[in-house]
Amino acid sequence: SISCRKSKQKAVPCIIHCDFENGLKKKMERVYQPMLDYINSSRECLLIRERSKRSYNRSRNSSSSSDDSSLFSSGKPKILSLGIQLFLHESGDESSGDIIRNYLQEPTWNIKLNVALSSRSIKSCPPNDNLESYVTNGPMMPWWAVRTIHSGKEVIRINLFVNNLDEMLHFYQVILRQQAQIKRKDFCCFTLVRYPEFDIQFSLKALSKLSPKPTPSDDFLLEFFHTGYSSLINLLPDCVTPVSKKCWKIRDPEGNIILLHEKSVVIIN
């Protein structure tokens, strides 16, 4: 079952929902603990939830029901379309950045994806590195990446790997009610909100034809918050499903589930 977020935590413009089968919630909280500690330290942006046996329904897009071997068999392999990238300061002590960097180098994160950079909107180091390296702990699980920055605010960037960038860009410009601040031939990026602690961004990244095919999963979805969604719903396709009085479910052009939640979020420019 799908439900919109109900929390007294500070409002954010986007939340990542990670749903797991009964009995896996605590295990996955342990797996993601260093990232949870950083991302949710002041604002709740990443939620790990557990479906009950009664409400859990396997679907063709559920990572929990996937045959792991089939994802990397003959033909083009599939990977989860969702990734989280953290731009963190370099530090000599045991900061959150150091802890996460070291943690993502452990054997648990044994599946890697290298993505070519077409350009760089945030100066990171090493300066000659033209690849972004993502890691994950299993087939069809979220990708994680850490980039080191020397100055400026830290950034939490929610990324979707896509097949058709132009189509997805048009869709998300309507959903986010803004134009992309950065636009390249294979990448675009929106700044959703600026906080004193960090910025939250949303990006779309087209992979090369030789890369694995980005594939959605019903186990991982994004929830966006905006005051204008009630008037927008009538302009969207017929596949919009009401979840509550002020929340709707819809799939983007490539099948990723998103929730649209009518709620005010203060954006600091």
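Would it be correct to say that ASN159 is within 17 Å of the chain's Cα centre (by Cα), of a type outside the set (A, V, I, L, M, F, W, C) and closer than 25 Å to MET141 by Cα? Judged against the criteria, ASN159 is a match. Of everything listed in (1) surrounded by 10 or more Cβ atoms within 10 Å (Cβ to Cβ); (2) at pLDDT 80 or above, the single unmet condition for PRO107 is (1).
Residues that are modelled with pLDDT of 90 or more, in contact with a Cys (Cβ under 8 Å, 6 or more places away or on another chain) and under 24 Å from THR191 (Cα atoms) do occur in the stretch 133-142.
Listed by position, the strands (runs of 3 or more DSSP E) inside the stretch 132-244 whose residues that are in contact (Cβ under 8 Å) with a residue 60 or more places away in the chain and open to solvent by 30 Å² or more (accessible area, probe 1.4 Å) number at least 1 are 143-149, 154-162, 187-194, 213-215, 220-226, 241-244.
Whenever a residue of the stretch 19-40 is surrounded by 15 or more Cβ atoms within 10 Å (Cβ to Cβ), its partners that are at pLDDT 90 or above and among the acidic types (Asp, Glu), lying with C-beta atoms within less than 6 angstrom and at least six residues away or across chains, give the pairs ASP19/ASP219.
Of all residues in the stretch 245-261, none satisfies being open to solvent by 20 Å² or more (accessible area, probe 1.4 Å) and among the β-branched types (Val, Ile, Thr). For the stretch 11-24, the criterion of a residue being farther than 24 Å from THR215 by Cα and at pLDDT 90 or above is satisfied by no position.
The values are calculated or read from the model by the stated rules, or taken from the named source; none is laboratory data. Source: prediction; values computed, not measured. Cβ atoms come from the backbone with ideal geometry, glycine included; neighbour counts cover every protein chain shown. To get the accessible areas, we keep the full protein, side chains included, count just its heavy atoms, and leave off ligands, DNA and RNA. Shrake-Rupley method; radii C 1.70, N 1.55, O 1.52, S 1.80 Å.
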